[in-house]
Amino acid sequence: SMFFLPSITNLKYWGRCEPITSKTLQLLNDLSIGYPFSVRKLVKLSAVQFMLNNHTSEHFSFLGINNQSNLTDMRCRTTFYTALGRLLMVDLG
């Protein structure tokens, strides 16, 4: 679980830094595609539970929709919610 905590930190505090956000979201996406056994373990991590329960712009600035919303932010949101959707499906069984 320790390797995953920097990822959450990246998304929470570097949400306006596109290169960091994109790479971190790609990691999250890759992890969510993994073997069902490992994904089930991933879903139990408190950091992942935090994301599943707090997926708002209050916690992740790249989720905010503003006048400067651009294609990169939209891609980031799509990747984020795609990965969360996969993780939620595992969580729901």
message: Can you list residue pairs whose Cβ atoms sit under 7 Å apart, with the first residue in the range 73-90 being in a helix (DSSP H, G or I) and among the hydrophobic types (A, V, I, L, M, F, W, C) and the second being at pLDDT below 90 and open to solvent by 30 Å² or more (accessible area, probe 1.4 Å)? Count only pairs 6 or more apart in sequence or on different chains.
response: V90/P36; V90/R40
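Just to be sure, is I20 free of Cβ contacts under 8 Å to residues at least 24 places away in the same chain, open to solvent by less than 60 Å² (accessible area, probe 1.4 Å) and over 16 Å from R86 (Cβ atoms)?
Values: free of Cβ contacts under 8 Å to residues at least 24 places away in the same chain: yes; open to solvent by less than 60 Å² (accessible area, probe 1.4 Å): yes; over 16 Å from R86 (Cβ atoms): yes.
For I20, the condition - free of Cβ contacts under 8 Å to residues at least 24 places away in the same chain, open to solvent by less than 60 Å² (accessible area, probe 1.4 Å) and over 16 Å from R86 (Cβ atoms) - is met.
Count, please, the residues in the range 23-64 that happen to be in a helix (DSSP H, G or I), among the hydroxyl-bearing types (S, T, Y) and loosely packed, with under 15 Cβ neighbours inside 10 Å. Working first, answer last.
Step one: filter the range 23-64 for residues in a helix (DSSP H, G or I), giving 23-32, 36-44, 46-53, 61-63.
Next, from what is left, pick out any that are among the hydroxyl-bearing types (S, T, Y): 24, 32, 38, 46, 61.
Retained after the next criterion (residues that are loosely packed, with under 15 Cβ neighbours inside 10 Å): 38, 46.
Selection size over the range 23-64: 2.
The values are calculated or read from the model by the stated rules, or taken from the named source; none is laboratory data. Model, not experiment: these values are computed from the prediction. Note: ideal-geometry Cβ built from the backbone for every residue, glycine included; neighbour counts use all protein chains shown. Heavy atoms of the whole protein, side chains included, go into the accessibility calculation; ligands, DNA and RNA do not. Shrake-Rupley method; radii C 1.70, N 1.55, O 1.52, S 1.80 Å.
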